[in-house]
Amino acid sequence: MKIQKYKIVNIVVTCLLALAMVFTTEVPISMAKEKATLSDSKMTIGIGSHGQQNGFFNKSQNKYQILLYNTQKGAKYTFASTNKKIVTVKSSGKYAYLTGVKKGSATITCKQKLKGKTTTVGKCKVTVKNASLNLAYTKEENLPMGTGKIPKIDDSIFNIENRNTNASYTFTTDSSDLTIKEKVVKVPKDFMGAPGYFYFGQAYTAKKEGTYKVTVTEKYKKKNRKVGTFKVVIHKTKITEQLSVGINDSVDLNTLLEYKRADMSYYIVGDGFDVSKKSKDSIIYIDSDGSNAYIYGVNEGTAKLNIYEGKSESDRVLLGTCTVTVKKVPVESISFDEKSYSTYVGAPKNDDTLYLYLSKEPYNASDDVIVTSSDEKIAKVVYDADAEGYKVIPVKEGKVTIKATCGNKTATCEISITADEYGDDLEEDESSSDVGDEYESDVNEYRSAIVEE
């Protein structure tokens, strides 16, 4: 019995040693926790406490901040700036919020205090920059005369980088004929997904055409600072005097005018004809697709459009005349999508319709396309506007050639038609007869077996 007890004890000790080896090698690795770190080691900010997001601002969303990762339980974290005259820092939880005070650089240091021991988590070098003009956008702006609406964010007259939203900006020109004012434009909540977003838009009034120099000045804490300068070129509205369009083709109505004024309306009047009506004798007409208007070419010839400008139709004045020339566009080539196809009698009834698709170069060639079948007793072909293709209607078994003609160009497609979808011919050959006899014999044998049972 003593020997057995010894063996049992020995086995238990061996198991405990094995378990100890497992736990001592695995547990520390799985329970190890990463050290606390900072999200940034360097960053650039403007004066103030928040920046922009794709040109949009939000004082509660776009704050200058450093994020603390892998915080330790029970630890306390503090942030400090090496120069509070350049940048200050306030912390809240895992975030350190920065405020740029003036141009320069300083270092933000984060420290951790845990179980009476203080260690440095990390440092972030912060560079504070003054607001400046982005010259990539502001070398020269071309604008029409008149009073311009506040432009969209991507069409802004100029762009200020590292803008201080607590400062004000004024725009002084070298002539009273051009004035520029800035306004804050609120962004709908649905557009950015959160409330409080805004951007800065500019409105201008230009009395005369010419080139102007604009100086941008920043006022912050009662001090003025020149941000930079850029040029604006003001243009009178220009008319396209000559315009060409192909028969059955169109051009955008906006091509008639360049530098349209935002504070004016424009009226297009046909010289001796109604531009809104189309007839078989029309040379051109104007129509809209709901969002844009187009000039359509109908027949060869020339037509004149008189263009007026005014705040209303009653005070409009003639700007000039555009002569529109409508030309025939010759076809260069036409082709079907495939050179041959196969189908069967009754295919359309089985929702198995064959469509032929035709392409022509150029797409706006003036001549009409005519598509015919070489034998309508075998197959017919009709255009299907919904499918935007030519529908083949099989009549009986056989072969036909579908021919397309446009001007002096032609294209063909060979169509083979069988009696059914399995490709069987109408006339029964010997091989098919033998198969039928064999099938009938098998059926008779099956019937005899049922009777015997």
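The values are calculated or read from the model by the stated rules, or taken from the named source; none is laboratory data. These figures come from a predicted structure and were not determined experimentally. In this analysis, Cβ positions are derived from the backbone assuming ideal geometry, glycine residues included, and neighbour counts consider all displayed protein chains.
On the given criteria, is GLU241 within 27 Å of GLY310 (Cβ to Cβ) and either in contact with a helix residue (DSSP H, G or I) (Cβ under 8 Å, 6 or more places away or on another chain) or surrounded by fewer than 13 Cβ atoms within 10 Å (Cβ to Cβ) (or both)? It would help to see each step written out before you state the result.
Numbers: within 27 Å of GLY310 (Cβ to Cβ): yes; either in contact with a helix residue (DSSP H, G or I) (Cβ under 8 Å, 6 or more places away or on another chain) or surrounded by fewer than 13 Cβ atoms within 10 Å (Cβ to Cβ) (or both): yes.
Here the answer is yes, as GLU241 does meet what is asked.
With closer than 25 Å to THR217 by Cβ and not assigned by TED's automatic domain parsing to the domain that holds LEU257 as the only criterion, which of VAL101, VAL89, VAL121 stands out? Step by step, each of VAL101, VAL89, VAL121 is checked, and only VAL101 is closer than 25 Å to THR217 by Cβ and not assigned by TED's automatic domain parsing to the domain that holds LEU257. For the structure I just gave you, tell me whether ALA167 is touching a residue at least 24 places away in the same chain (Cβ under 8 Å), under 30 Å from LEU319 (Cα atoms) and surrounded by 14 or more Cβ atoms within 10 Å (Cβ to Cβ). Spelling it out, it is not the case that ALA167 is touching a residue at least 24 places away in the same chain (Cβ under 8 Å), under 30 Å from LEU319 (Cα atoms) and surrounded by 14 or more Cβ atoms within 10 Å (Cβ to Cβ). Are any residues in region 314-350 in contact with a Phe, Trp or Tyr (Cβ under 6 Å, 6 or more places away or on another chain), among the charged types (D, E, K, R) and either surrounded by fewer than 17 Cβ atoms within 10 Å (Cβ to Cβ) or more than 19 Å from LEU253 (Cα to Cα) (or both), and if so, which ones? ASP337 - this is the single residue of region 314-350 that is in contact with a Phe, Trp or Tyr (Cβ under 6 Å, 6 or more places away or on another chain), among the charged types (D, E, K, R) and either surrounded by fewer than 17 Cβ atoms within 10 Å (Cβ to Cβ) or more than 19 Å from LEU253 (Cα to Cα) (or both). The set of residues in region 214-245 that are among the aliphatic types (A, V, I, L, M) and touching an Asp or Glu at 6+ places or on another chain (Cβ under 7 Å) comprises VAL227, VAL232, VAL233, ILE234. When TYR294 is tested against (1) aromatic (Phe, Trp, Tyr); (2) outside the structural domain of PHE273 (by TED's automatic domain parsing); (3) assigned to a strand (DSSP E or B), exactly one condition is not met: (2).
Has region 53-62 got at least one residue that is at pLDDT 95 or above and among the hydroxyl-bearing types (Ser, Thr, Tyr)? Looking through region 53-62, none of the residues is at pLDDT 95 or above and among the hydroxyl-bearing types (Ser, Thr, Tyr). Just so you know, in region 184-209 the residues that are aliphatic (A, V, I, L, M) and under 15 Å from ASN62 (Cα atoms) include one that is surrounded by the fewest Cβ atoms within 10 Å (Cβ to Cβ), and it is ALA194. Does LYS311 satisfy the condition of being farther than 28 Å from PRO144 by Cα and basic (Lys, Arg)? Taking the combined requirement at face value, the residue does not satisfy it.
Matching residues to (1) over 30 Å from ARG261 (Cβ atoms); (2) at pLDDT 95 or above; (3) out of contact with any Lys or Arg (no Cβ under 6 Å at 6 or more places or on another chain); (4) β-branched (Val, Ile, Thr):
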| residue | (1), (2), (3), (4) |
| --- | --- |
| ILE295 | no, yes, yes, yes |
| GLY301 | yes, yes, yes, no |
| ASP315 | no, no, yes, no |
| GLY320 | no, yes, yes, no |
| VAL329 | yes, no, yes, yes |
| ASN364 | yes, no, yes, no |
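Per the conditions (1) more than 34 Å from the chain's Cα centre (by Cα); (2) β-branched (Val, Ile, Thr); (3) more than 23 Å from MET145 (Cβ to Cβ), the sole criterion not satisfied by THR173 is (3). Scanning region 55-75 for residues that are part of a loop (DSSP other than H, G, I, E, B), of a type outside the set (Ser, Thr, Tyr) and free of Cβ contacts under 8 Å to residues at least 40 places away in the same chain, we see that the one that is surrounded by the fewest Cβ atoms within 10 Å (Cβ to Cβ) is LYS73.
Exactly one residue among ALA365, ALA379 is of a type in the set (Gly, Ala, Ser) and under 24 Å from TYR285 (Cβ atoms), and that residue is ALA365. In region 87-111, the residues that are of a type in the set (Val, Ile, Thr) reach residues that are surrounded by 14 or more Cβ atoms within 10 Å (Cβ to Cβ) and assigned to a loop (DSSP other than H, G, I, E, B) with C-beta atoms within less than 6 angstrom, at least six apart or across chains, in these pairs: THR99/SER49; VAL101/ILE86; THR107/THR82. Within region 384-401, the set of residues being touching a strand residue (DSSP E or B) at 6+ places or on another chain (Cβ under 8 Å) and not in a strand (DSSP E or B) comprises ALA387, VAL395, LYS396, GLU397.
Look at region 250-270: where a residue is farther than 27 Å from ASN299 by Cα and a partner is part of a strand (DSSP E or B) and aromatic (Phe, Trp, Tyr), sitting 6+ places away or on another chain with Cβ atoms under 7 Å, you get LYS260/TYR266. Of everything listed in (1) closer than 30 Å to GLY201 by Cα; (2) among the hydrophobic types (A, V, I, L, M, F, W, C); (3) at pLDDT below 65, the single unmet condition for ILE8 is (1). Please find, among LYS238, LYS222, LYS207, the residue that is in contact (Cβ under 8 Å) with a residue 24 or more places away in the chain and among the charged types (D, E, K, R). Going through LYS238, LYS222, LYS207 in turn, the sole match is LYS207.
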